[in-house]
Amino acid sequence: MFLTKRLRASPVQNDLNSDKLFVNAVFIFGNAIASSGAGFLFWAVASQLFEAEAIGTSASLLSLAQFLSLIGGLGMVNGLTRFLPQDEQPQELANSAILLSAVSSTAVGLAFATFIALVHLPALQAFRNFQTYLTMVVLLASMAVFASTGGVFIATRKAVYAFVQVAIMNLLRLGLLAPLMYMPEWGVIGAILGGYLITSLVSWLGLVRKVLPGYRVTPRIYWSNIRGVITFALSEQVADFLRQAPQSLSVPIALLFSGGRDSAVLYVVWMIAAFTSGPSLALSRSALVEGIHFPSQTKRTLVRAGSAALIVTAFLALILGVNSSLVLKVFGVEYAMHGTESLRLMMIASPIVALNSILLGFLRVAKCISGLVVSSFIIAIITLLVTVLAIGWLGISSVSYGWILANLITLIYLFVISHRLTHEL
């Protein structure tokens with residue numbers, strides 16, 4: 001027993017734990033690369049098959065769906081990451097979380113469809129048809145299952161399955177573009193819907209069993225298992241909801257104030273910016289999982305994760321910032337004409353975003369939910385406020401200026417609060 005304890009605390013074991021940090025982070029970032037790379041290809045192909053206005057409408061609808069999925073998902077991804085590794089009945093917890101998020105997201109989709117049908121706002125005219133109502137309901141439910149099953153893969157330290165999941169989804173939606181190209185009003189969002197729906201079913205009915213032996217899908221929510229998870233998950237979900245707001249809401253705002261072309265360009269800019277944030281998000285998430293499994297190594301893990309995230313993000317931002325115009329020309333000349341300035345500004349913000357991601361990971365380990373909510377609120381309110389006030393004369397670059405300012409202020413806040421919390425770890 002003495003020898004076992006010594007081995008558990010040995011430098012060799014610590015190195016293995018650190019290796020696991022980077023192995024999981026590589027697969028998590030692999031998800032981001034697969035998603036961003038396939039997304040890049042998907043929207044590049046779609047921009048050649050569909051008019052810019054149709055692309056803008058589809059991008060706006062997808063952004064709304066991604067935003068509403070944060071409500072319907074109930075934060076189950078964060079809850080699973082935090083509680084599944086330590087739960088005595090992980091199969092029941094996973095089933096409850098996936099089923100609950102699917103049911104909740106379906107309800108949110110129905111509520112959205114009802115709102116669009118009953119409230120006659122000119123800005124929502126493009127979404128007022130039965131096809132959109134049905135699409136949103138099914139898409140939100142599929143996104144919820146997709147995200148929750150992905151959370152199971154990350155929590156069990158089997159991020160390779162999350163990589164497989166993302167690869168399947170992106171291959172499917174890309175493959176569906178051509179058959180749907182003759183449906184200009186629905187083809188793009190229909191391909192996305194098909195990708196999410198099929199992959200979510202494959203993940204839930206098949207892949208989850210690979211990481212949780214004995215798992216089976218049952219139409220039952222085990223409230224005794226899920227109750228504590230919901231409380232934690234909803235608290236974190238508020239922060240995630242606010243943090244996602246700039247990306248999800250600025251695209252429909254651009255559609256409202258500037259038209260479909262600018263909303264399509266802005267969606268592509270956000271997609272590329274999300275790619276540069278991939279390393280920091282992957283390392284932050286992997287560090288959180290490792291911190292839960294090995295609490296004594298939390299500080300060391302976060303320092304290593306932060307250093308790696310900053311270096312990789314700065315490198316990617318430099319390459320993409322210098323070549324912004326060339327990157328956007330892949331989608332079309334008008335994308336480069338109207339989006340180059342905005343993309344370059346996003347690349348300037350990327351290293352700041354990376355630092356914020358790692359510091360937010362620190363707050364999660366320290367269970368400082370109030371800090372997460374406040375920092376996310378700062379990012380959301382400042383970015384969207386600058387966007388609404390300045391989009392008339394700065395165009396979509398107003399979003400990028402707001403993003404830089406919001407993240408700078410958030411970085412200062414996170415440094416202050418992290419310094420106060422350091423002694424608790």
For a footprinting-style exposure proxy, rank Thr313, Thr135 by other Cβ within 10 Å, fewest first. Thr135, Thr313
Apply the Karplus parameterisation 6.51 cos²θ - 1.76 cosθ + 1.60, with θ equal to phi minus 60°, to every residue of segment 186-202 and state each ³J(HN,Hα) to the nearest whole Hz, in sequence, with x for glycine and proline. 9, x, 5, 5, x, 5, 5, 4, x, x, 5, 5, 5, 5, 5, 5, 4
From phi via Karplus (6.51, -1.76, 1.60), per-residue ³J(HN,Hα) for segment 203-210 in Hz, x at Gly/Pro: 5, 5, 8, x, 5, 4, 5, 5
Residues His419, His338 in order from fewest to most other beta-carbon atoms within 10 Å are His419, His338
Packing-based exposure ordering (other Cβ within 10 Å, fewest first) of Met347, Met143: Met347, Met143
Euclidean distance of C-alpha centroids, segment 203-228 and segment 136-173, integer Å: 14 Å
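For segment 64-111, what is the relative contact order in percent, using Cα pairs closer than 8 Å and at least 6 residues apart in sequence?
Taking the mean separation of contacting Cα pairs over the length of segment 64-111, I get 56 percent.
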Residue-wise HN-Hα coupling along segment 343-357, computed from phi with Karplus coefficients 6.51, -1.76, 1.60 (Hz; x: Gly, Pro): 5, 4, 5, 4, 5, 4, 6, 4, x, 5, 4, 4, 4, 4, 4
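FYI, it's all coordinate maths here, none of it is from the lab. Treat the numbers as computed from the prediction; the structure is a model and nothing was measured. Note that each Cβ is placed from the backbone with ideal geometry, even for glycine, and that neighbours are counted across all protein chains shown.
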